Structure formats: structure tokens, C-alpha cells
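To start, the structure under review is shown below, and the notes come after it.
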Amino acid sequence: MILYGISAAGFVALVVVVLIVALAGGGSNAKAAIKTIQAQGCQYRKYPALPRAPHYSTLSPNPPPKWNSFPPTSGRHYVTPLTFNLYTEPVPEIQLVHNLEHGAVILQYGDKVPDAQVQQITSWYQKDANAVIVAPLPKLGAKVALTAWTDWTECNGFDEKAANAFRSAFRYHAPESGVFPKSALEPGQ
């Protein structure tokens, strides 16, 4: 009986440790990333998760979804996620939120971001495109925003060091990230 008790206690302790690590949102990796992001002059915010369901069956629901950030970091979304890719035209935010739910990092840039920086963003994407979407979002103006599930960063222009820190810390941390293997988040998927 004592051995069973010790085994059960060990198992419970292991489960508690796993839950703490999983729910901490990246732990020290996230803290280090936030410090890097802020040191680069960018803003970082953690938003409360909004309800994910029911899914929308149209890209233009009436009334439109209400999110607690711009661009959104969680909430109700379209039933089908967007294909992971590098886009040159704006894409529906309502669809991108579904990608966030799967563990994506999304980088969006405004219509006043210089072409040279758009080329740097393209190069950044090509270095590590798994679970990443890049698209323009004209309303951002000269700013660049990165989003993951409940995590948001905004920079005055593209900052590769901040973008790398964000992608490293927050990619694959979402409600359904364990459901989809990393191979299902490749460009074209």
C-alpha cells in the first residue's frame, strides 16, 4: 500500500509540473522574449482569451465579431483557417484567428511600411515559415504587428530581433496546438 501511495503521489506531482509548464505560456522563454521585444522599442501585451465558439460559417457575419485587440489575438472565428503562406494582399482577420487557435504566429504590416522593410519581412518569413502567416494590414500604417494566441506585439516598422523573439516564444502555444502536428502547419497547409 505504501508503494502504491508513493507511486500515486509521484504521478500527481508529475502531472502538476507538466500543467504548470504548459499553462505558463512559455515560462522564462516568454519572459526573455518580452524583455527583448521591449528593449527593441516595441510594445507587448497579453490579452485575456475570448470564447472560441461557435465558429462563424461566413467571412462577413452580421454583427461582426468583437475582439479585445487589434489585430485580434483570440475569439470567435471562421470555421476554416487560412492556408499558411506569405500573402501580398490583406486577408480576413476572422480567418486568421482560427490559425492562431492552431498555434500560428501572424505578422502583419501597414501600408506605410517601406518596401525595403517588406523585403526584410519576406526574408524573415522564408528563414522559418512553419506555423507563420505574413500579410499586409493597411490600417497599421507604418507599424508591424505580431500576434499569437493571446499575445500581441507592435513595432514602429519591422524589427527582426523582436520578431524572432516573438516567434520563438509564442509559436505553438494555443488551445489547439497539440491537436495539429507541426508538419500540418507548413506553408501551403
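The values are calculated or read from the model by the stated rules, or taken from the named source; none is laboratory data. Not measured: the values here are computed from a predicted model. For neighbour counting, all protein chains shown are included, and Cβ atoms are generated from backbone atoms with ideal geometry for every residue, glycine included. The protein model used for the area step is the full one, side chains on, heavy atoms only, and it has no ligands, DNA or RNA in it. Shrake-Rupley method; radii C 1.70, N 1.55, O 1.52, S 1.80 Å.
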* **Residue-level accessible surface for C155, protein heavy atoms, 1.4 Å, Å²** => 10 Å²
* Karplus 3J(HN,Hα) series, Hz, for region 75-90 with 6.51 cos²θ - 1.76 cosθ + 1.60 (x for Gly, Pro) -> x, 5, 7, 5, 5, 10, x, 7, 5, 5, 5, 9, 9, 9, 10, x
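Mean separation of Cα pairs under 8 Å and 6+ residues apart, divided by the residue count of region 38-145: what relative contact order is that in percent?
On the way: 169 pairs, mean separation 27.8, N = 108.
In percent, rounded to a whole number, it is 26.
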* Structure fact -> With Cα coordinates, the longest principal axis of the chain makes an angle with the long axis of helix 2-23, in degrees rounded to 10, of 10 degrees
* Structure fact -> Here the FRET efficiency for S123 versus V79, based on Cβ atoms and R0 = 30 Å and rounded to 0.05, is 0.35
* List, in order, the whole-Hz ³J(HN,Hα) value for each residue of region 138-148 obtained from phi through the Karplus relation with A = 6.51, B = -1.76, C = 1.60 and θ = phi - 60°; use x for Gly and Pro. => x, 4, 6, x, 8, 9, 10, 10, 10, 10, 9
* Asked: Relative to the longest principal axis of the chain, what angle (0 to 90°, nearest 10) does the C-alpha long axis of helix 160-170 take?
  -> 40 degrees
* Asked: At q = 0.20, 0.24 Å⁻¹, what is the log10 ratio I(q)/I(0) for region 63-103, with the Debye formula run over Cα points and no solvent?
  -> -0.58, -0.82
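Equivalent-ellipsoid semi-axes (√(5λ), Cα gyration tensor) for region 142-186, whole Å, largest first? It would help to have the intermediate numbers written out before the result.
Numbers: eigenvalues 108, 23, 14 Å².
One finds semi-axes of 23, 11, 8 Å for region 142-186.
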* To do: Write down the radius of gyration of the chain and its Dmax, each obtained from C-alpha positions, in Å.
  => 18.2, 70
* To do: Please work out how much accessible surface I34 shows to a 1.4 Å probe, ignoring ligands, DNA and RNA, in Å² rounded to 10.
  => 40 Å²
* Asked: To the nearest 20 debye, what is the magnitude of the charge dipole of the chain about its Cα centre, counting +1 on the Cβ of each Lys and Arg and -1 on the Cβ of each Asp and Glu?
  -> 420 debye
* A116 to Q189: extension gain in nm, 0.36 nm per residue of separation minus the Cα-Cα distance? -> 23.5 nm
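Leaving out ligands and nucleic acids, and using a 1.4 Å probe, what accessible area per residue does the chain come to in Å²? Write out the running numbers ahead of the final one.
On the way: 9940 Å² over 189 residues.
Roughly 53 Å² per residue, with all protein chains present.
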* Using only Cα atoms, find the angle between the long axis of helix 115-127 and the longest principal axis of the chain, and express it within 0 to 90 degrees, rounded to the nearest 10. => 30 degrees
* To do: Please give every one of the lysines within straight-line cross-link reach of K112, meaning a C-alpha to C-alpha distance under 27 Å, and leave out same-chain neighbours fewer than 8 residues apart.
  => K35, K46, K66, K127, K139, K143, K161
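If you roll a 1.4 Å probe over region 120-189 with all protein chains in place, what percent of the accessible area is carbon or sulfur? Intermediate values should be presented prior to the final figure.
On the way: 1350 of 2770 Å².
It is 49 percent, rounded to a whole number.
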